[in-house]
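Structure first, commentary second.
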Amino acid sequence: MTLIELYDNHKGFATGKFQHYLEIYDRYFVNFKNRPITIVEVGVGGGGSLQVWERYFNGHAKVYGIDATEKEYLHFDPAGPVKIVYGNQKNRDFWCEFLPRIEPIDIFIDDGGHLSEEQIVTFEEVFPYIANNGIYICEDVQTSYIPKEPYNGGPGKAGTFIEYC
């Protein structure tokens, strides 16, 4: 089943991803199916994407969802493959504590706060923990071009995640 089909038929926790993301993800993530992997997603939202990752990878993935805000409604089996970790992605101490406790990351998705400062800190701290042939994704980089608060971006503006890249 494709990622789009899984999202379209999902009946669990709330989820939402742009369809064009799913088309691209399906193209690259299919190579990770049916083998043990570690996937980390920053920005849990409704929690549904964590369930979709578990199903997409046929139960072979350890799935970590990271969010700055505790989600009291999210309940996953503590012995299961999905774990929720609460921490602020722009806090380097959080990453220094979390990352050494998990396996190398095969797929990392930053769908967190969308602020350049958060995206930059996350990239700097996480990228060294990406497995060989792993994938690092930062969603919603268009915020680097938004001049209004809280993004303070713009084309060519220093300090944005796009200019950092």
- Message: Given contacts defined as C-alpha pairs under 8 Å and at least six residues apart, what's the relative contact order of the chain, whole-number percent?
- Response: 18
- Note on the structure: extent check for the range 1-41: Cα max minus min per principal axis, descending, whole Å, gives 25, 20, 20
- Find out how many positive minus negative residues lie around R35, taking Lys and Arg as positive, Asp and Glu as negative, among other residues whose Cβ is under 15 Å from that of R35. -1
- Residues with amide H under 5 Å of I84's amide H, sequence separation 5 or more or different chain, H placed in the peptide plane at 1.01 Å from N; which? G65
- Within the accessible area of the chain, what % is carbon and sulfur when the probe is 1.4 Å and the other protein chains stay in place? 52
- Expressed as a rounded percentage, what relative contact order does the range 1-90 have, with Cα pairs under 8 Å and six or more residues apart? 27
- Note on the structure: Residue separation between E117 and I146 times 0.36 nm, minus their alpha-carbon distance, gives in nm 9.0 nm
- Message: Please list I105, I4, I24 from largest to smallest accessible area, probe radius 1.4 Å, with all protein chains kept in place.
- Response: I24, I4, I105
- Query: With each pseudo-label sitting 7 Å past Cα toward Cβ, what's the E72-E163 distance in nm, one decimal?
  - Reply: 4.2
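Give me the accessible area per residue for the chain, probe 1.4 Å, as a whole number in Å². Provide the component values of the computation, followed by the final result.
Details: 8700 Å² over 165 residues.
Value returned for the chain: 53 Å² of accessible area per residue.
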- Query: Got a sec to turn the phi values of the range 32-43 into Karplus ³J(HN,Hα) couplings, 6.51 cos²θ - 1.76 cosθ + 1.60 with θ = phi - 60°, whole Hz, x for Gly and Pro?
  - Reply: 9, 5, 6, 9, x, 9, 10, 10, 10, 10, 8, x
- Note on the structure: Rounded to the nearest 10 degrees, the helix 19-29 long axis (Cα) sits at an angle to the longest Cα principal axis of the chain of 70
- Taking a label point 7 Å from the Cα of K33 along Cα-to-Cβ, the residues of the range 103-127 whose backbone nitrogen sits under 18 Å from it are 107
- Query: If we restrict to alpha carbons, what Rg and Dmax does the chain come to, in Å?
  - Reply: 15.6, 47
- Of K71/K148; K62/K90; K11/K71; K11/K83; K11/K90, which sit over 21 Å apart, Cα to Cα? K71/K148; K62/K90; K11/K90
- Size of charge dipole - the chain - debye, nearest 20, with Cβ of Lys, Arg +1 and Asp, Glu -1, no other charges: 320
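The values are calculated or read from the model by the stated rules, or taken from the named source; none is laboratory data. Everything quoted here is computed from the prediction, not taken from an experiment. Quick reminder, even Gly has a Cβ in these numbers, built from the backbone with ideal geometry, and neighbours come from all protein chains shown. Note: accessible area is taken over every heavy atom of the protein model, side chains too, but ligands, DNA and RNA are not part of it. Shrake-Rupley method; radii C 1.70, N 1.55, O 1.52, S 1.80 Å.
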